[in-house]
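Report on the following structure.
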Amino acid sequence: MTEHPDIAALAHVMAPTFGVDEALDWPSVEERLDCRLPSDYKAFMSLYGGGGIDDLLNVFLPLHQDGIQWDPGAIEDEISGARATWEHTPARRRPELDPAHILPWGQTSGPDLLCWLTTDPDPDRWPVLVWGRHTPERWTLFDCGMTRFLLRIFTADLAACPLSDSSLWGKTSPRFVHWREQQVRWKAGRDPFTNEPDPYADMFPR
C-alpha cells in the first residue's frame, strides 16, 4: 500500500515501534462491513494495527478477533452500540443525521466514541464524529479523517480538546502498543503500555 501522507506525519509524532501489520484482506473486510473504508485507516492498520495509545485511546480492528486474554475492540462489534448512543442522546444535544451513517473506529478511556460520518460516497471524505461523555457538546463533527484527527489531538491543533480526558491533548510523544503485545505483557505481569512490572499483577489471574 502506498504510504499515506497523514500516516507519514503521524509516524513522526507517534513511533510505530510496537505496531504490527494486520495484513488484512481488505475486499473481504469491506464486503463483511458492507462499505469501503478510508485509505488512512487502512494505512494505519498496515503500520500500527489495532491497539491502544497510552492506555487512553483504542483504535479498533475492522473485524472481530479472539484475543490472547481478552478480545480487542472491532468496528463490527461496536456499530450497534455507537448508533444506539446517538438514539439515546436527547434530541437537543445531537446533530440531525441518520444513525445508519455512524461508523465507530475508536474509543477513549473517557469513555468517548470516535466515529466516522459516512454520508459521502468517498470514504476518504468522511469526517470524524465524536461523542464525548463529559464534554460540553455531546456530539461534535470534525472536517478531517481519522489520522488527521489524531494528529490534531497530539499537536493541540483544534479550538479545544474534544475528549473527556485531555491527557493526550498536546502529547508530544504518545505511545502506541499493538493489542497482542499489550496482552503478552499483561500475562507476563507487566504494564501493557510501559512494560514495567505491574505491582498489582498478583491480584488478577492470568
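Applying a threshold of 7 Å to beta carbon distances and a minimum spacing of six or more residues, or different chains, the list of pairs starting in the stretch 183-206 at a residue that is at positive phi and ending at one that is modelled with pLDDT of 90 or more and part of a helix (DSSP H, G or I) reads 195/185. Here is the figure for the stretch 165-189: residues that are closer than 11 Å to residue 53 by Cα and of a type in the set (A, V, I, L, M, F, W, C) total 4.
Within the stretch 65-85, the residues that satisfy the criterion of being modelled with pLDDT under 95 and either of a type in the set (A, V, I, L, M, F, W, C) or farther than 26 Å from residue 151 by Cα (or both) are 65, 66, 67, 68, 69, 70, 71. For the stretch 40-84, filtering for residues that are touching a strand residue (DSSP E or B) at 6+ places or on another chain (Cβ under 8 Å) and open to solvent by 10 Å² or more (accessible area, probe 1.4 Å) leaves 11. Please work out if residue 194 is polar (S, T, N, Q), touching a Phe, Trp or Tyr at 6+ places or on another chain (Cβ under 8 Å) and farther than 30 Å from residue 83 by Cβ. No, not satisfied. So, of the residues in the stretch 91-113 that are basic (Lys, Arg) and assigned to a helix (DSSP H, G or I), which turns out to be surrounded by the fewest Cβ atoms within 10 Å (Cβ to Cβ)? Step by step, filter the stretch 91-113, then rank; the result is 92. Check whether at least one residue in the stretch 57-64 is closer than 10 Å to residue 179 by Cβ, aliphatic (A, V, I, L, M) and modelled with pLDDT of 95 or more, and report yes or no. Within the stretch 57-64, one or more residues are closer than 10 Å to residue 179 by Cβ, aliphatic (A, V, I, L, M) and modelled with pLDDT of 95 or more.
The values are calculated or read from the model by the stated rules, or taken from the named source; none is laboratory data. All values reported here derive from a predicted model rather than from experimental measurement. Ideal geometry is used to build each Cβ from the backbone, glycine not excepted, and the neighbour counts take in all protein chains shown. All accessible areas refer to the heavy atoms of the entire protein, side chains included, with ligands and DNA or RNA removed. Shrake-Rupley method; radii C 1.70, N 1.55, O 1.52, S 1.80 Å.
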